[in-house]
1. Looking at the stretch 43-62, which of its residues are under 21 Å from the mean Cα position of the chain (by Cα) and not aliphatic (A, V, I, L, M)?
2. On the given criteria, is Lys55 over 26 Å from Ile332 (Cβ atoms), free of Cβ contacts under 8 Å to residues at least 12 places away in the same chain and charged (D, E, K, R)?
3. Go through (1) surrounded by fewer than 15 Cβ atoms within 10 Å (Cβ to Cβ); (2) not assigned by TED's automatic domain parsing to the domain that holds Asp199 one by one and return the number of the condition Gly357 breaks.
4. What pairs come up if the first residue lies in the stretch 191-204 and is under 10 Å from Ser281 (Cβ atoms), the second is aromatic (Phe, Trp, Tyr) and crowded, with 23+ Cβ neighbours inside 10 Å, and their beta carbons are under 9 Å apart, counting only those six or more places apart or on different chains?
5. Restricting the first residue to the stretch 312-333 and requiring it to be aliphatic (A, V, I, L, M), which pairs with a second residue that is surrounded by fewer than 18 Cβ atoms within 10 Å (Cβ to Cβ) meet a Cβ separation below 8 Å and a spacing of at least six or different chains?
6. Pick from Leu15, Leu22, Leu78, Leu65: which is within 29 Å of Tyr342 (Cα to Cα), modelled with pLDDT of 95 or more and either assigned to a loop (DSSP other than H, G, I, E, B) or within 20 Å of the chain's Cα centre (by Cα) (or both)?
7. Between a first residue in the stretch 217-240 that is outside the structural domain of Lys280 (by TED's automatic domain parsing) and a second residue that is modelled with pLDDT of 95 or more and of a type outside the set (Val, Ile, Thr), which pairs have beta carbons less than 8 Å apart while being 6 or more apart in sequence or on different chains?
8. Pull up the stretch 326-341, narrow it to residues that are assigned to a helix (DSSP H, G or I) and of a type in the set (Asp, Glu), then point me to the one that is farthest from Pro149 (Cα to Cα).
Amino acid sequence: MNKSLYIGLMSGTSLDAIDVALCRFTEKDTSIIEFQALPLPEQIQSEISTFSHSKEINIELLAALDIKLGRLFSEAALGILKSTSYDRTDIAAIGSHGQTIRHKPKSAETTFPFSLQIGDPNTIAETTGITTIADFRRRDIAAGGEGAPLVPAFHQAVFSSEKLRRAIVNIGGFANVTLLDGNRLAGGFDTGPGNSLLDGWIMQHLAQPFDSNGDWAGGGKVNEDLLSGLLSEEYFLKKEPKSTGKELFNIEWLNTKLQKLGKDIPKQNVQSTLSELTAKSIRMAISDFNAHEVYICGGGAHNTDLFDRLRKHFAPTKVESIEKLGFEADHIEAAAFAWLSYRTLHGLTCNSPISTGASGDRILGAIFQA
């Protein structure tokens, strides 16, 4: 396998775009050559949201959406090639995370744990003419793991520093952390909500898809009673490894907490409290790690209000954007799935049992040959 170029595709819980990263991997170096974000059409966003929240699934509509997303992922992969000097024959593989519809890891209530991502990899391989690797989560779950998070192994490979304890915090719809003790991966898990509740609340009350720079949250006041009620959720007390998603933390969950509180809280103060929830839950989750440095990636790195709260909670520990380490904050997750495809294609393990709880190291993903 002489080709060193890989494409990573990622569509997260924010549903705003398909992130595409064209990467080069060698034994000594990782570089992101090009990054693009292909916006998801509103109709597709609506269909994904319907399946993600509905308890009853129309199998035919879900199968059709699987193909629609496969075509969009193909378009995204071919689009990044058009903007560079590379051809499909230069690419070793595409690593596609897909779009998560349901994530139900092992628990006392889940007899058959699973994680379901769609975006048909057969369609991607056929349309692009590039070998495609997908379905990364289910092998880890079969080995007794949570199937998430999968990015800590990539963080370890790229961001570890021999003499430093670093916490890499990825804030997308949900937040996850990677704990790096020198070159050793000391842990990795989901801490709870990232931007998901913030986005959902501002959409519900201001009809805006997200809180730009966290301005609305920053102009409000934290309601301590509400914050205490939110942080009482059992997930925050659960020991890692652990993973979560919109199956637990959603607007219905928030509304239930508000109703139990029985107070009329100004909408802007709720937004401020949700921002504090994200920041404080991250800090609480890694309080025992005593990191020398904390680096933020994902969409949350652009939220000024959230960033300020994280700096306050972690002080005097330095909190910086991942850009300080030479990578754009939005590029990391797509690059991680390009890296996972690189590992899979070379027959190398790519889960991290300390993060997912799997019974051992596993090669992840299914290979769909071009």
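The values are calculated or read from the model by the stated rules, or taken from the named source; none is laboratory data. Quick caveat: nothing in here was measured; it's all calculated off a predicted structure. Note that each Cβ is placed from the backbone with ideal geometry, even for glycine, and that neighbours are counted across all protein chains shown.
1. Gln45, Ser46, Glu47, Ser49, Thr50, Phe51, Ser52, His53, listed by residue number.
2. yes
3. (1)
4. The qualifying pairs are Thr191/Phe174; Gly192/Phe174; Gly192/Phe249; Pro193/Phe174; Pro193/Phe249; Gly194/Phe174.
5. Val319/Arg311; Ile322/Glu328; Ala329/Ser321; Ala329/Glu323
6. Leu22
7. Partner pairs satisfying both residue conditions: none exist.
8. So, considering only residues that are assigned to a helix (DSSP H, G or I) and of a type in the set (Asp, Glu), the one farthest from Pro149 (Cα to Cα) is Asp330.
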